[in-house]
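Structure record follows, encoded as structure tokens.
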Amino acid sequence: MQWHPDDLQGFFKAKEYIDTVILPITSISFKNQAEAEKLAIQKKSIEIITQELERNYAGRIFVCPIYIYQHAVDREQEIARLNSWTEEMLAEQFEHRFIISHDILWKKYEKQFDSHFIWTPSFSMSNFQSDDARLFVKEQTNELSELIRSYW
Amino acid sequence: MSEKKNEVSRRQFLNYTLTGVGGFMAAGILAPMVRFAIDPVLKATSGSEMSPVVDVSELSNEPQRFDWTIEQVDAWYTSDVTKSAWVYLDDNDEIVALSPVCKHLGCAVNWAGNSDYPDQFFCPCHDGRYYKDGTNVPNTPPDAPLDEFELEVKDGTLYLGNPKPRGEA
């Protein structure tokens, strides 16, 4: 399920079955072109991967709209905000909560997250239509879904 | 005077009737022709076109999952949508293409997804199960069989259209 009028209709009808939420997070920075392009690819990549997860597990996983933060933000502050977000808005409804990101800088703060934090590699290519990209996404989603299912 | 008037109105009546009937007949003949003439236009927006999915020679008795992408046009908004199907040959060597979308809450089912049931489709979300022909296994969450894709084979390639629900199991 996604944050989508049609999906939400289904969600409120079948709430008790949907016990898992994924919050994709990604950052934005205009500091220099190389970094900006890299972050744009990461955003696209996390979008594709979480949508593919959603497509396969629509009946149990709710994928939130992407959460955007500034790349140069104070990470501890951002974690506090993310934690209040996941706790206050998501904890009542969803038993299993995952934050998923391509941003490796979070890895260091992993323990401070109240929800499960998953770092996953982004693809480095900007051609999302290629067969390589498709295979990459397929493998990523397979592994991620295996991980998520291990919590069920 | 009144007789004359009657005669004219009778002729007029016949004229009108003939024109009317003729008009309807012409419309009846022309409508399908117009429909055929602009058929490609209608097809492009209806979203019911068939997409090439796989070479028929790749199919076997074992269900395999194939993914393909279509461009979906909803009025002004175009988006790429990925679709999937489980395709296999049944006992009569006829192609069966099932939609993987579980009838319970819409997860994707997997063939032999649960090692306890190696010859069934399994939904990982809430343990729904389906037999190989797509019929839902009683006493599991789904209450209907898996949808079946419209299919056609052209030049050795399997084309799939839209998934169609089947009758109640």
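The values are calculated or read from the model by the stated rules, or taken from the named source; none is laboratory data. Bear in mind that the values here come from a model prediction, so they are computed numbers and not experimental data. Backbone-built Cβ (ideal geometry, glycine too); neighbour counts: all protein chains shown. Side chains are part of the model used for accessible areas, which takes the heavy atoms of the whole protein and leaves out ligands, DNA and RNA. Shrake-Rupley method; radii C 1.70, N 1.55, O 1.52, S 1.80 Å.
Quick look at the numbers
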item: Relative contact order (%) - criterion: Cα under 8 Å, at least six apart; region: segment B:49-164; result: 24 percent
item: Selected from B:Phe13, B:Phe24, B:Phe121 as most flexible by GNM, with chain B as the system and alpha-carbon contacts under 10 Å; result: B:Phe13
item: Approximate spin-label separation B:Asp133-A:Asn83, in nm, with each point projected 7 Å along Cα-to-Cβ; result: 5.7 nm
item: Derived scalar couplings ³J(HN,Hα) [segment A:113-122; Karplus, 6.51 cos²θ - 1.76 cosθ + 1.60; whole Hz; x for Gly, Pro]; result: 6, 6, 9, 6, 9, 10, 9, 9, x, 8
item: Solvent-accessible area of A:Trp85 with every protein chain in place, 1.4 Å probe, in Å² to the nearest 10; result: 70 Å²
item: Long-range HN-HN contacts of A:Phe117 with modeled amide H, under 5 Å; result: A:Ile99
item: Area of A:Ser145 that stays accessible when all protein chains are in place (1.4 Å probe, Å², to 10); result: 10 Å²
item: A:Trp3, A:Trp119, ranked by accessible area, largest first (probe 1.4 Å); result: A:Trp3, A:Trp119
item: Calculated from backbone phi, Karplus (6.51, -1.76, 1.60) coupling profile of segment A:8-15 in Hz, x at Gly/Pro; result: 5, 4, x, 4, 6, 7, 10, 2
item: For the protein assembly as shown, projected area of the alpha-carbon convex hull averaged over all directions, nm²; result: 27.9 nm²
item: Percent of C-alpha pairs per 10 Å bin, chain B, short to long; result: 9, 26, 23, 14, 9, 7, 6, 4, 2, 0
item: Amide H contacts of B:Glu150 (H built 1.01 Å from N, under 5 Å, at least 5 apart or other chain); result: B:Gly161, B:Asn162, B:Lys164
item: Values of log10 I(q)/I(0), in the order q = 0.13, 0.21 Å⁻¹, for segment B:47-145 under a Debye, Cα-only, solvent-free model; result: -0.51, -1.08
item: Relative contact order (%) - segment A:5-149, alpha-carbon pairs under 8 angstrom, separation at least six; result: 30 percent
item: Exposure rank, largest accessible area first [B:Ser60, A:Ser101; 1.4 Å]; result: B:Ser60, A:Ser101
item: Segment A:75-133: relative contact order in percent, alpha carbon pairs under 8 Å with at least 6 residues between; result: 33 percent
item: Under Karplus coefficients 6.51, -1.76 and 1.60, residue-wise ³J(HN,Hα) of segment B:130-146 in Hz, glycine/proline x; result: 9, 6, 4, 7, x, 5, 5, 6, x, 6, 10, x, x, 10, 8, x, 4
item: Area of B:His104 that stays accessible when all protein chains are in place (1.4 Å probe, Å², to 10); result: 40 Å²
item: Pairwise label distance in nanometres, A:Asp74 with A:Ala40, each label 7 Å out on the Cα-Cβ vector; result: 3.1 nm
item: Spatially near lysine pairs across segment B:49-164, Cα under 16 Å, sequence gap of 8 or more or different chains; result: 4
item: A:Phe30/B:Ala31 FRET efficiency (R0 45 Å; Cβ-Cβ; nearest 0.05); result: 0.20
item: Cut-off under 5 Å, modelled amide H: who pairs with B:Thr157 long-range; result: B:Val56
item: Residue-count net charge about B:Asn92 - beta-carbon cut-off 15 Å; Lys, Arg +1, Asp, Glu -1; result: -4
item: Most fluctuating residue given options A:Gln70, A:Gln140, A:Gln129, as computed from a GNM of chain A linking Cα atoms under 10 Å; result: A:Gln129
item: GNM flexibility winner over chain B from B:Ser84, B:Ser99, B:Ser115 (Cα, springs under 10 Å); result: B:Ser115
